[in-house]
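S.K.: Before I ask anything, let me first share the structure, which is written out below as C-alpha cells.
The values are calculated or read from the model by the stated rules, or taken from the named source; none is laboratory data. None of the values given here were measured: they were computed from a predicted structure. We place every Cβ from the backbone using ideal geometry, glycine too, and count neighbours over all the protein chains shown.
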Amino acid sequence: MQQDADEMEDQDLTRALEMRARARKLFLRAWDYGLRGLDVKHKGFSSALREGPKETVRALTKQDVPLVFWTAAAWGAAISLAKDSPGMVADQPVVEALMDRALELDERYADGAIHGFLITYETSRQGANGDAAAKSPPHFERVVELTGGRLASPYIARAEALSVQKQNRAEFGSLLRQALEIDPNAKPEYRLADLIMQRRARWLLAKADQLFAEE
C-alpha cells in the first residue's frame, strides 16, 4: 500500500495521503496486537515500556523475538507515516529499545530481518553520537551475508537511506540494479518480497532526477 501511495503522489496527492493514512492505521493495528501479545507473556509490559523502555525490554527472551520484531517494525512504520504527530514521534525511543533488544537476543532472526530494518533506521536514530549513517553499512553487509545476496530489500534500503542522503547517484543506481538482477524464483520464501521491492527499485530509478541535484 505504501508503494501504491508513493506512485500515486505525482498524479493525485489527496489520494496518496488517504492511502498513507490507511496504511498507518493498519500498522497501528499490528502494533496493538503485538503489544497485547507481549502483555500476555509479560504482565504489564506495555505500560512499563513507555516509562522505562531500556529497562523494561531486559525481561524479553529469545523466544519473544518474533513478536518483538514485528511489533517494533509496525510501530516504526506507523511513526514514519506520522511525522506530523508529536505524540507518535515521541515513541521512537521505545521502538529503538525493542529493536535493539531483539538484535541482542537473536541477530540472525528471519535471515537478518532486524539488520534489514536498521539499515534505514540508523540514519535517523535519536541522540546518536557521531555520524549516525556510519552505523548503517554494517547492517547492510550482515543481512546480505545472511541472505546470500538473494534478497532485494537491503540494496534498496541502502540506496534510499544512504545514497540519496550522500547524493551519490552512481552508488544509488548500482545498488538498485543489483536488486533488479536478483532472480525472484531463486529462493521461494523471498519471491513475494523480491517482486514487491523490485517494483520499488524500478520506480526509484525512474525518479532519480528528482532525488539528486544536477551535477
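S.K.: Can you tell me how many residues in the stretch 59-93 are surrounded by fewer than 14 Cβ atoms within 10 Å (Cβ to Cβ) and over 14 Å from Leu38 (Cα atoms)?
M.R.: Number of matching residues: 7.
S.K.: Looking only at helices (runs of 4 or more DSSP H) that fall completely inside the stretch 45-124, which ones have 2 or more residues that are more than 17 Å from Trp31 (Cα to Cα) and at pLDDT below 95? Please lay out each step first, then the result.
M.R.: Working: elements: 45-51, 53-56, 65-80, 86-89, 92-105, 109-121.
By residue number, 109-121.
S.K.: If you don't mind, another one. Would it be correct to say that Leu204 is within 23 Å of Glu9 (Cβ to Cβ) and either touching a helix residue (DSSP H, G or I) at 6+ places or on another chain (Cβ under 8 Å) or aliphatic (A, V, I, L, M) (or both)? Working first, answer last.
M.R.: Numbers: within 23 Å of Glu9 (Cβ to Cβ): yes; either touching a helix residue (DSSP H, G or I) at 6+ places or on another chain (Cβ under 8 Å) or aliphatic (A, V, I, L, M) (or both): yes.
It is true that Leu204 is within 23 Å of Glu9 (Cβ to Cβ) and either touching a helix residue (DSSP H, G or I) at 6+ places or on another chain (Cβ under 8 Å) or aliphatic (A, V, I, L, M) (or both).
S.K.: Can you name every residue in the stretch 162-189 that is part of a helix (DSSP H, G or I), under 28 Å from Arg125 (Cβ atoms) and of a type in the set (Lys, Arg)?
M.R.: As a first pass, look at the stretch 162-189 and keep what is part of a helix (DSSP H, G or I): 162-163, 169-181, 188-189.
Within this subset, residues satisfying the condition of being under 28 Å from Arg125 (Cβ atoms) are 162-163, 169-176, 178-179.
Residue satisfying the conditions is Arg169 alone.
S.K.: Okay, next question. Would you mind stating whether Ala159 is at pLDDT 95 or above and either more than 18 Å from Tyr121 (Cβ to Cβ) or among the aromatic types (Phe, Trp, Tyr) (or both)?
M.R.: Numbers: at pLDDT 95 or above: yes; either more than 18 Å from Tyr121 (Cβ to Cβ) or among the aromatic types (Phe, Trp, Tyr) (or both): no.
So Ala159 does not fit the description; no.
S.K.: Now a separate question. Given the conditions (1) within 22 Å of Gly87 (Cα to Cα); (2) in a loop (DSSP other than H, G, I, E, B), and given that Gln11 satisfies all but one, which numbered condition is not satisfied?
M.R.: Status for Gln11: all satisfied but (1).
S.K.: If you don't mind, another one. Condition check: without any contact (Cβ under 8 Å) to a residue 12 or more places away in the chain, acidic (Asp, Glu) and surrounded by fewer than 20 Cβ atoms within 10 Å (Cβ to Cβ). Does Asp111 satisfy that? Outline the logic, then answer.
M.R.: On the way: without any contact (Cβ under 8 Å) to a residue 12 or more places away in the chain: no; acidic (Asp, Glu): yes; surrounded by fewer than 20 Cβ atoms within 10 Å (Cβ to Cβ): yes.
When the stated conditions are applied, Asp111 does not pass them.
S.K.: Sticking with this one: Quick one: in the stretch 11-56, of everything that is of a type in the set (Lys, Arg) and surrounded by 16 or more Cβ atoms within 10 Å (Cβ to Cβ), which residue is farthest from Ala73 (Cα to Cα)? Working first, answer last.
M.R.: Of all residues in the stretch 11-56, those of a type in the set (Lys, Arg) come to 15, 20, 22, 24-25, 29, 36, 41, 43, 50, 54.
Subsequent filtering for residues that are surrounded by 16 or more Cβ atoms within 10 Å (Cβ to Cβ) retains 20, 24.
On the way: Arg20: 16, Arg24: 12 Å.
Ranking the qualifying residues of the stretch 11-56, first place goes to Arg20.
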